[in-house]
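The values are calculated or read from the model by the stated rules, or taken from the named source; none is laboratory data. Given the structure is predicted, the values throughout are model-derived calculations rather than measurements. Neighbour counts run over all protein chains shown; Cβ positions are idealised from the backbone, glycine included. Side chains are part of the model used for accessible areas, which takes the heavy atoms of the whole protein and leaves out ligands, DNA and RNA. Shrake-Rupley method; radii C 1.70, N 1.55, O 1.52, S 1.80 Å.
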Amino acid sequence: MARTNTRFVKAHTEMLTICDTLEIGALLPSENTLASRLGVSRTVVRRVLAQLDEQAMIELQGREKSIKRRSTEKDRVEAPPVLLNIDELEGRFLDWVLRMDVPPGTTLNVAQLSKEFSVAAHTLQEFFSSLSRFGIVVRRPKGGWVLHGFTRDYALELSDFRTLLELNSVSHIVTLPDSHDIWPLLDQLERDHLDLLDRIDQDFHDFSQLDETFHTAINNVVTNRFVKEFQKVISLVFHYHFQWNKSDERVRNENAIKEHLDYIDALRSRDLNRAQAAAKRHLSTSKQTLLSSLKANSHAS
């Protein structure tokens, strides 16, 4: 259906252009000629003509199709939205929570949010179901979903497991040859961090995505499907849930950028002890930030 609608919108837009090039009262070519010119079937052409007739752009009398007026912006048909998949939805959902300051306890309206995120309702339901495994959203007894928090014990376990996985990745990185992709990637990440540091006053919100990119790059050196799946949990916890506490977000993000830069420098040294120490310092800070945010979250107990 989406593909058919896209063809219709494109053909309708091109037909408006054709009409505007002809004199008022002039006749449009035959359906076969229009179909060939627009690159669509005669069925689509008939739908477009019927729409233009309804809009009083043209007048249909048998096989004759005469131009009645010039087109305006109101005549244009809006293209259907391109629907997101679940991977793309994660980023949109994260951005929505961050930018809109969505508080815990908020009821998640599937019909409304499916339009907000340009996603099929069933995809959104599947996404919320996956989040419910981690206690981020919960299903209401009578149906529907609620944005929820998680307990302090859950946060501690999550942080400790994250540290184990990342320290394992660090131990791999320091042994990798200069030809490995991680080194130019770290160079680029360093430049991105320095760039954000220069504009931190107005763009401190941008750190969330950079933080996710940074830790994903580190953990991706280990090819493990379970590590990859866990990275999704990290994205949906550390990169939005803890930021519900907005009190010192700019300062926290600036300090985290500096910790990342020290972390990158330590990795480049190829000194395992130094690299793991830098990783532990930063992950400890992230853990404390997460735990501090839970104090303001009435759902955490």
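Structure notes:
- Listed residues Val146, Asn255, Leu164: farthest to the positive end of the dipole of the chain (Cβ charges): Val146
- In degrees, nearest ten, helix 225-237 long axis to first principal axis of the chain (Cα): 80 degrees
- Listed residues Arg92, Arg69, Arg274, most fluctuating in the chain (Gaussian network, C-alpha, under 10 Å): Arg69
- Split the chain at each of the GluC sites (Glu not before Pro) in a DSSP loop with at most 11 other beta carbon atoms within 10 Å, and the longest piece is 79-301.
- Pairwise label distance in nanometres, Glu54 with Asp248, each label 7 Å out on the Cα-Cβ vector: 5.9 nm
- The equivalent ellipsoid of the chain has semi-axes of 52, 24, 17 Å, largest first, where each one is the square root of 5 times an eigenvalue of the Cα gyration tensor.
- Rounded tilt (10° steps) of 182-198 against the dominant C-alpha axis of the chain: 80 degrees
- Residues in segment 42-61 that a label on Glu14 would reach, taking backbone N under 19 Å of a point 7 Å out along Cα→Cβ: 42-53
- Within the assembled protein chains, the solvent-accessible surface assigned to Trp183 is about 30 Å², based on a 1.4 Å probe.
- Summary value for segment 30-147: 17 percent relative contact order, contacts being C-alpha pairs under 8 angstrom separated by 6+ residues.
- Part-to-part distance (alpha-carbon centres) for segment 137-203 and segment 22-53, which is given in Å: 54 Å
- Cα long-axis angle, helix 121-132 against the chain (0 to 90 degrees, to the nearest 10): 10 degrees
- In the elastic network of the chain, a GNM with C-alpha springs shorter than 10 Å, the most mobile of Thr33, Thr285, Thr223 is Thr33.
- Extension gain from Arg76 to His122, taking 0.36 nm per residue of separation minus the Cα-Cα distance: 13.6 nm
- From helices alone, the chain scores -20500 deg cm²/dmol at 222 nm; the rule is -39500 (n - 2.57) for each run of n ≥ 4 DSSP H residues, then divide by the residue total.
- Accessible heavy-atom area order of Val233, Val138, highest first, probe of 1.4 Å: Val138, Val233
- Relative contact order for the chain, counting Cα pairs under 8 Å that sit 6 or more residues apart, in percent: 17 percent
- Descending principal axes extents, segment 155-288, alpha-carbon based, whole Å: 41, 33, 23
- Aspartates and glutamates with Cα under 17 Å of Lys258, excluding same-chain neighbours fewer than 8 positions away: Asp187, Glu190, Asp192, Asp195, Asp198, Asp201, Asp203, Asp206, Asp211, Glu212, Asp248, Glu249
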